[in-house]
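Below is one structure, written out as structure tokens; the observations come after it.
The values are calculated or read from the model by the stated rules, or taken from the named source; none is laboratory data. Only a predicted model underlies this, so the values are computations on that prediction, with no experimental measurement involved. Here Cβ is always computed from backbone atoms with ideal geometry, including for glycine, and neighbour counts include all displayed protein chains. Keep in mind that these areas ignore ligands, DNA and RNA; they rest on the heavy atoms of the full protein, side chains included. Shrake-Rupley method; radii C 1.70, N 1.55, O 1.52, S 1.80 Å.
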Amino acid sequence: MDYKRIALLLEDQLKLAAQREEELLKVIADQNEQLNILTAEVKSLNSSILSLEKALLEKNASLEGRQSKVRILGKMVSGKKSEQVSVPDKGTTIIAKVKPSLKERGNNGARRKEYFNLETCHHDIYPDAAEFKVEEGKKIRTTDCIRYEFIPPRFIKHIYHQHYYACKGTVYAGSLPAVPLLNSNYDASFIAGILQLRYIYSMPVERIIKLFAEHGFEMNKATAHGLIKKAAGLFDLVEDVLKETVLSDNYLSMDESYYTVLTSDTNNSSGKSTAKGYIWAALANHLKLVHFFYENGSRSRKVLTGYLREDYRGAIQRNYKIIEKEAYPDAIRLSCFQHCKRKFLNITGNKDAEKIVRIINRLYQNEHRIPPDWTASQILDYRNKYAPPILKELKEELINIKNKKSTLPKSELSKAINYTLNEYDALCNYIRSADYAPDNNAIERLMRYISLSRRNSLFCGSHQGAKRAALIYSLACSCRLNNINSFEYFKDLLTKLIDINPNTDHETIRNLLPHKWQR
């Protein structure tokens, strides 16, 4: 056996093992060095995190201190009870002597309203026990308890004793307060009350006079109708100016609604019959004015063309196709997504209709994300970003569903699709301006006043009665748009119209309209 050869082989293997060991030691050393570097970096990051946490805690403490100050000042301004409160970062004490606090409630922090504008009566309530005497007791504290009293409508009869005197050949008499209607016993407040109940709260005249009778004032139906008729005659002075002002707005919403009207009929034994007449409405979205108008109950195109000027410049929201024709070259027609959506909602249990509704809903979901403080340019940029893809998808889906074999040509689904496709270009126009709305809901909300009156009052007594009602609705609903108390407005307007003659310039009359009226 060659031991020498074996020894050499073993020696070579030992050298190789030593060499590999040396290489492994170098690798381990390199890894240790990298580990040390990573450890140093981790320590540095930990140090940075700790410093950031410390800075954040200090900032939160400072913010809490400022919030506490704001709460203290807010309590002082809003009417908190006299109490001592301390400011955290200075330790000083502030004595807040202000109005009593609003009582806290457990409804998500809601607070009871105090109605500071109400007529207020103060009452002192002392213990009424027989053995108690105020002069012998020691006052501990006083708490406030609020109760609200309702007094039904009051009718006051004013008797003016008008005295006449003769002096140096001339007779002098005391001046009576002016009334809107000549030789009338009813002042502006009485008429304004009837108008508010009739045209804002939709009470028919029969119900109004019943309400008055329950509170001690009896009047007949003819008298109430006469007051409304004569008041509307005074308001005729403002109708032309109202129409002119509404048409000066470059964004109108329009609509019409039917109303039953009594008409003469010689073939009927009573000499009367009923007809369906239409009351039209034009809403000036920027000015917050609405003009209801009535043309003998007609719904024909001539009513619209007679109302709108051919040189009208702006957008009109309604499905009046004539606006897109040459007669109105400078007008833009906007359609209503809610009208289209409603047609698909009426088709129950249809997946294709539900899909269209979901696409339209996505447009509204994006609209609801617009913050209230955005500028017009921000809204317009946002609309032009989110809307085109959805509108494109809507049109493609409408065409796909229409071309399906299962969509019958005379089905409700097919009718809804054809209507929406015909309105598609006008539907897309709302993204052209930040002021435009995707639907006509603004004017439809106002048309509810007509619907309520139609349900409660059944009919207007004549075409002239419907025209008078339209004018008063115009002023009453414009008050609502401008957050004005319609009673105060009608009372003031009737008083001012006493001194205004028919030749008064339009600018003076325009200042009497609700959007410019001031208490």
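One table, with the values for the structure above:
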item: Above-threshold pairs, the threshold being 28 Å between Cα atoms, out of Lys321/Lys341; Lys341/Lys516; Lys276/Lys321; result: Lys341/Lys516
item: With every protein chain in place, the range 449-519: carbon and sulfur % of accessible area (1.4 Å); result: 47
item: Heavy-atom accessible surface of the range 220-310: percent carbon and sulfur, 1.4 Å; result: 45
item: Charge-dipole axis of the chain as Lys and Arg at +1 and Asp and Glu at -1 on Cβ define it, positive-most pick from Thr170, Val27, Ile140; result: Thr170
item: Per-residue SASA entry for Thr120, accessible area with 1.4 Å probe, Å² rounded to 10; result: 90
item: Under the Debye formula (equal points on every Cα, no solvent term), log10 I(q)/I(0) of the range 378-449 at q = 0.15, 0.18, 0.26 Å⁻¹; result: -0.66, -0.83, -1.11
item: Per-selection Rg to Rh, the range 1-66 - Cα, Kirkwood hydrodynamic radius; result: 1.67
item: Length-normalised contact order of the chain in % [C-alpha pairs under 8 Å, at least 6 apart]; result: 16
item: Under 5 Å, built H, 5+ apart or other chain: amide partners of Thr263; result: Ser273, Thr274, Ala275
item: Whether the range 218-311 is rounded, prolate or oblate, judged on the alpha carbon gyration tensor where a/c under 1.5 counts as rounded; result: oblate
item: Sequence-distant lysines (8 or more away, or on other chains) whose Cα lies within less than 29 Å of Lys138; result: Lys80, Lys81, Lys97, Lys99, Lys103
item: For the range 277-330: rounded, prolate or oblate by the Cα gyration tensor [a/c cutoff 1.5]; result: oblate
item: Karplus 3J(HN,Hα) series, Hz, for the range 189-206 with 6.51 cos²θ - 1.76 cosθ + 1.60 (x for Gly, Pro); result: 5, 5, 5, 4, x, 5, 4, 5, 5, 6, 10, 9, 9, 6, 8, x, 4, 4
item: Partners for Lys343 among lysines (Cα-Cα distance below 18 Å; same-chain residues under 8 apart left out); result: Lys351, Lys355, Lys395, Lys402, Lys410, Lys415
item: Qualifying chymotrypsin sites (Phe, Trp or Tyr not before Pro) for the range 358-455 [loop in DSSP, other Cβ within 10 Å: at most 15]; result: Trp374
item: Rounded to whole Hz, the Karplus (6.51, -1.76, 1.60) HN-Hα couplings of the range 253-262, x for glycine and proline; result: 10, 10, 6, 8, 9, 7, 8, 6, 10, 6
item: List His225, His291, His161, ordered by accessible area with a 1.4 Å probe, largest first; result: His161, His225, His291
item: Relative counts (whole %) of C-alpha pair distances in the range 143-298, using bins that are 10 Å wide; result: 8, 22, 27, 23, 13, 6, 1, 0
item: Stretch gain in nm, segment Val134-Gln19, where the contour uses 0.36 nm per residue and the Cα spacing is subtracted; result: 30.4 nm
item: For the range 315-445, Kirkwood radius (reciprocal of mean inverse C-alpha pair distance, Å); result: 15.7
item: Potential lengthening between Glu310 and His161 on full extension [0.36 nm per residue; Cα-Cα distance subtracted]; result: 47.9 nm
item: Per residue solvent-accessible surface (Å²) - the range 143-271, probe of 1.4 Å; result: 65
item: Portion, in percent, of the accessible area of the range 360-429 that falls on carbon or sulfur, probe 1.4 Å; result: 53
item: The chain: radius of gyration and largest Cα-Cα distance (Dmax), Å; result: 39.1, 171
item: Inverse mean reciprocal Cα-Cα distance (Kirkwood Rh) of the range 345-407, Å; result: 13.3
item: Mean-position separation - Cα centroids, the range 439-465 and the range 142-181, in angstrom; result: 37
item: Distant-in-sequence amide H partners of Tyr251 (H built 1.01 Å from N, under 5 Å); result: Asn285, His286, Ala315
item: Cross-link reach list, lysines versus Lys221, counting only Cα pairs under 17 Å and skipping chain neighbours closer than eight places; result: Lys210, Lys229, Lys230
item: Residues of the range 374-519: accessible area per residue with a 1.4 Å probe, Å²; result: 52
item: Stretchable slack from Ile146 to Trp374, in nm (0.36 nm times residue separation minus alpha-carbon distance); result: 77.9 nm
item: Under DSSP loop assignment and at most 13 Cβ neighbours within 10 Å, longest GluC sites (Glu not before Pro)-free interval of the chain; result: 327-519
item: Cα gyration tensor shape of the range 100-215, rounded if a/c is under 1.5, else prolate or oblate by comparing a/b with b/c; result: oblate
